[in-house]
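Below: one structure, written as structure tokens.
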Amino acid sequence: MLVFRWAILLLLMVAGVSFAFYAGTGQARYRRFGWIVLKWTLLAAFGFFAVLIAERVA
């Protein structure tokens, strides 16, 4: 469980660094990569925490 939380945090940081590179260089590929990483990270995080909540309820 701790590994998944760290993975989510690391991926959010990767997205943040990618957006920072976009702000610094203006290259659209960094912004596109950041959005892709952010989208899938949030989807995985919502799924992970939904499973945790479902375990508590059941």
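Here are a few things to note about the model shown:
- Test: residue in the range 26-41 that is of a type in the set (Gly, Ala, Ser) and surrounded by fewer than 12 Cβ atoms within 10 Å (Cβ to Cβ): yes
- Condition met for Val51 (aliphatic (A, V, I, L, M), assigned to a helix (DSSP H, G or I) and either open to solvent by 90 Å² or more (accessible area, probe 1.4 Å) or modelled with pLDDT of 95 or more (or both)): no
- Evaluation of Ala15 against (1) at pLDDT 95 or above; (2) open to solvent by 80 Å² or more (accessible area, probe 1.4 Å) (one fails), failing number: (2)
- Residues that are touching a Ser or Thr at 6+ places or on another chain (Cβ under 9 Å) and not small (Gly, Ala, Ser) within the range 11-28 comprise Leu11, Leu12, Val14, listed in sequence order.
The values are calculated or read from the model by the stated rules, or taken from the named source; none is laboratory data. None of these values were measured; they are calculated from a predicted model. So basically every Cβ, Gly included, is an ideal-geometry build from the backbone, and we count neighbours across all protein chains shown. Keep in mind that these areas ignore ligands, DNA and RNA; they rest on the heavy atoms of the full protein, side chains included. Shrake-Rupley method; radii C 1.70, N 1.55, O 1.52, S 1.80 Å.
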